[in-house]
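Report on the structure given below.
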Amino acid sequence: MQRNCIYLDNNATTKVDPAVVEAMMPYITDYYGNPSSMHTFGGQVAKAVKIAREQVAALLGADETEIVFTSGGTEGDNAAIRAALLAQPEKRHIITTQVEHPAVLTLCKQLETQGYSVTYLSVNQHGQLDLDELDAALTGNTALVSIMYANNETGTVFPIEEIGARVKAKGAIFHVDAVQAVGKLPLNMKNSTIDMLVMSGHKIHAPKGIGALYIRRGVRFRPLIIGGGQQRGRRAGTENVPGLVALGKAAELELLHMEEATAREIKQRDRLEKTILSLISDCEVNGDITQRLPNTTNIGFKYIEGEAILLHLNQHQICASSGSACSSGSLEPSHVLRAMGLPYTTLHGSIRFSLCRYTTEAEIDKVIEVLPGIIQHLRDLSPFKNDQAAWLQQHEQVLTHR
């Protein structure tokens, strides 16, 4: 893929900001000391680590002592969930949702084989939770509730603070995978019900392989990775200094640009979405259009395959996605869209466009220019077009009512 592609897959990963690269490079080439060393050469690196921790804390509205650097979102989720369970060995119940990222779902499935019971909360057709279902699931045996802040596929944002208040009333630990929300939504951990929160650098224009875990002061925590005493004993191993310097700089830039970038992304996203809906028949937006991330739209195109749409967009150097990059390679349709109960006619033909602060109006124009022709071409080839589409709809209704 050429470097000048139109990149609308920013929920999968983002371009590294040039200022971030500039900030991290000296810690690869010149300042390579170990931050735990007693000498001055290591001490100046330790100072950079402290600054990065302060920058990340500022983005989250947290204290720097509450930040632990990790290798990314998956490690953060694993560390938080296992720590919550180890801290409460007498409790054996977990609550999560059917639409979590595989970093949480796969771990929960494994924990079920180790004697834990897991409740997977359902979502409605808009991807939203029923909080009464949460209330009914919470018991005195519930150790942990793990719920994402915003869904990576549809952008649907959950009422996290309301959920947290209900969780805290029952005495459970509340963990939030905020990988998609950090940098897109204002956060303030000082006034939050969240006990542990996870973010990932490569979603906010830092490199891959670096992230952070927020742990509220006073929350009992057992480290996932043990060894040396780095990071106050909460994550062993010599720190990835260039990575965390990059994360700190990226966090600083996100805080600086968030308000302006959010307004522009909403405007561009809505223009893209409304134009597609007006030009192309038989398509609809998936997810909650009133409570969602500013940069995300997920649109279902009936009677055709999402992978075919992506391949044709790729020929125009346009990058989008049919779902989570971490689930690519699976022939199964999105577990998120299935949980929402989308009809078969739409389930396989859904595409996610996710923007960022580098997205331009000209790039949106290009997608609008080529997409209607691609959809029409694929529908002309589709075995479900015309009268067969009616047959599929009838078949779907039969299946729905079984």
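The values are calculated or read from the model by the stated rules, or taken from the named source; none is laboratory data. Since the model is a prediction, treat every value here as computed from it, not as a measurement. Here the Cβ positions follow ideal geometry from the backbone for every residue, glycine too, while neighbour counts run over all protein chains shown. Quick note on the areas: whole protein, heavy atoms, side chains included, nothing else; ligands and nucleic acids left out. Shrake-Rupley method; radii C 1.70, N 1.55, O 1.52, S 1.80 Å.
So, in the range 1-13, exactly how many residues are modelled with pLDDT of 95 or more and either loosely packed, with under 13 Cβ neighbours inside 10 Å or in contact with a Gly (Cβ under 6 Å, 6 or more places away or on another chain) (or both)? Qualifying residue count, the range 1-13: 0.
Among the residues of the range 14-59, write down those that are part of a loop (DSSP other than H, G, I, E, B) and either open to solvent by 30 Å² or more (accessible area, probe 1.4 Å) or without any contact (Cβ under 8 Å) to a residue 40 or more places away in the chain (or both). Before you say what the answer is, go through the steps one by one.
Of the residues in the range 14-59, the ones part of a loop (DSSP other than H, G, I, E, B) are 14-17, 25, 30-39.
If the condition is that a residue be part of a loop (DSSP other than H, G, I, E, B) and either open to solvent by 30 Å² or more (accessible area, probe 1.4 Å) or without any contact (Cβ under 8 Å) to a residue 40 or more places away in the chain (or both), then Lys15, Val16, Met25, Asp30, Tyr31, Tyr32, Gly33, Asn34, Ser36, Ser37, Met38, His39 are the ones that fit.
Can you find, within the range 72-90, the residue that is nearest to Asp130 (Cα to Cα) among those that are outside any helix (DSSP H, G or I) and open to solvent by less than 30 Å² (accessible area, probe 1.4 Å)? Steps first, please.
First, pick out the residues of the range 72-90 that are outside any helix (DSSP H, G or I): 72, 88-90.
Add one more test, that the residue is open to solvent by less than 30 Å² (accessible area, probe 1.4 Å), and what stays is 72, 88.
Details: Gly72: 30, Gln88: 27 Å.
Top of the filtered list is Gln88.
May I ask you to list the residues in the range 236-252 that are open to solvent by less than 50 Å² (accessible area, probe 1.4 Å) and touching a Gly at 6+ places or on another chain (Cβ under 9 Å)? Ala236, Gly237, Val241, Gly243, Leu244, Ala246, Leu247, Ala250, Ala251, listed by residue number.
Residues in the range 117-154 that are outside any strand (DSSP E or B), hydrophobic (A, V, I, L, M, F, W, C) and within 20 Å of Asn78 (Cα to Cα): Ile147, Met148. Scanning the range 90-121 for residues that are touching a Ser or Thr at 6+ places or on another chain (Cβ under 8 Å) and charged (D, E, K, R) returns Lys91, Arg92, Glu100.
Looking across Gln110, Gln114, one residue alone is open to solvent by 60 Å² or more (accessible area, probe 1.4 Å) and part of a loop (DSSP other than H, G, I, E, B). It is Gln114.
Out of the range 141-185, which residues are of a type in the set (Val, Ile, Thr) and open to solvent by less than 10 Å² (accessible area, probe 1.4 Å)?
Those that are of a type in the set (Val, Ile, Thr) and open to solvent by less than 10 Å² (accessible area, probe 1.4 Å): Thr142, Val145, Ile147, Thr154, Thr156, Ile160, Ile163, Val167, Val176, Val182.
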